[in-house]
1. Exposed (fewer than 10 other Cβ atoms within 10 Å of the Cβ), outside any helix (DSSP H, G or I) and at pLDDT below 95 - does that describe any residue in the range 84-91?
2. Residue 71: in a helix (DSSP H, G or I) and at pLDDT 95 or above, yes or no?
């Protein structure tokens, strides 16, 4: 019976040691999980901040593109009106011949 008791005590000690090792490994795993959860939270925060910033930049860009298109349209209309005026004055000016010579001289 003494040998059986000693064997049982040995098995019991080994079982306690295995349980302690499992608890240690679980604690280490919990630390790693906590670190990754913290990293995940930080990354989600960064994504939220960057998404908001991207949205603001996209809105600003859209406004600027619209303004640029308006400038382009205004410039094109103004240039067309100017060319009409120049052509009209050129064709109906008493100095048409002189103007033509001056323009040709400047172009050449």
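1. no
2. Numbers: in a helix (DSSP H, G or I): yes; at pLDDT 95 or above: yes.
So residue 71 passes the test.
The values are calculated or read from the model by the stated rules, or taken from the named source; none is laboratory data. For clarity, every value in this text was computed on a predicted model and none was experimentally measured. Quick reminder, even Gly has a Cβ in these numbers, built from the backbone with ideal geometry, and neighbours come from all protein chains shown.
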